[in-house]
Amino acid sequence: QVQLVESGGGLVQAGGSLRLSCKVSGRISSINYMGWYRQAPGKQRELVADITAGGSSKYIDSVKGRFTISRDSAQNTGYLQMNSLKPEDTGIYYCNARLGMYYRGPADYWGQGTQVTVSS
């Protein structure tokens with residue numbers, strides 16, 4: 001069974017840093033795309049950052065210069081490095097990936113979510 005397993009969330013003070021991880025469990029051919037989303041209570045889910053198969057990345061304006069998305073294909077793991085955290089970064093963070101499969105076409109998966117709380 002293929003799953004995305006997230007880790008790295010927690011409670012930090014404003015100005016602190018966290019690194020979120022999204023590890024693919026199970027056998028895949030490739031990570032074709034990965035994105036990180038977040039959702040706070042009463043708010044819409046928003047795409048925070050994503051990275052394409054070619055390595056092109058983009059970020060929502062509010063996190064530019066503070067967050068960096070990356071992936072390690074050899075470890076089948078994606079990361080979101082979050083620096084200079086602000087209280088408004090608080091939310092549940094979800095990874096999303098399009099995975100290349102050996103025995104069927106590519107498929108999209110979501111992680112279980114990890115809570116990030118930034119105190120003021």
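Some points to look at:
- For residue 4: the one exception among (1) more than 17 Å from the chain's Cα centre (by Cα); (2) assigned to a strand (DSSP E or B); (3) not hydroxyl-bearing (Ser, Thr, Tyr): (1)
- Residue match in region 39-56 (condition: surrounded by fewer than 20 Cβ atoms within 10 Å (Cβ to Cβ), touching a helix residue (DSSP H, G or I) at 6+ places or on another chain (Cβ under 8 Å) and in a strand (DSSP E or B)): no
- All positions within region 64-91 that are part of a strand (DSSP E or B) and either without any contact (Cβ under 8 Å) to a residue 60 or more places away in the chain or open to solvent by 80 Å² or more (accessible area, probe 1.4 Å) (or both): 67, 68, 69, 70, 71, 72, 77, 78, 91
- Take the conditions (1) in contact (Cβ under 8 Å) with a residue 60 or more places away in the chain; (2) surrounded by 14 or more Cβ atoms within 10 Å (Cβ to Cβ); residue 115 misses just one of them, which is (2).
- Listed by first and then second residue, the pairs linking a residue in region 3-28 that is over 18 Å from residue 94 (Cβ atoms) and touching a residue at least 60 places away in the same chain (Cβ under 8 Å) to a residue that is open to solvent by 20 Å² or more (accessible area, probe 1.4 Å) and of a type in the set (A, V, I, L, M), with Cβ atoms under 8 Å apart and 6 or more places separating them unless they lie on different chains, are 12/18; 27/2; 28/2; 28/101.
The values are calculated or read from the model by the stated rules, or taken from the named source; none is laboratory data. Since we're looking at a predicted model, the values are computed, not measured. Note that we place each Cβ from the backbone using ideal geometry, even for glycine, and neighbour counts take in every protein chain shown. Side chains included, ligands, DNA and RNA excluded: accessible areas come from the protein's heavy atoms. Shrake-Rupley method; radii C 1.70, N 1.55, O 1.52, S 1.80 Å.
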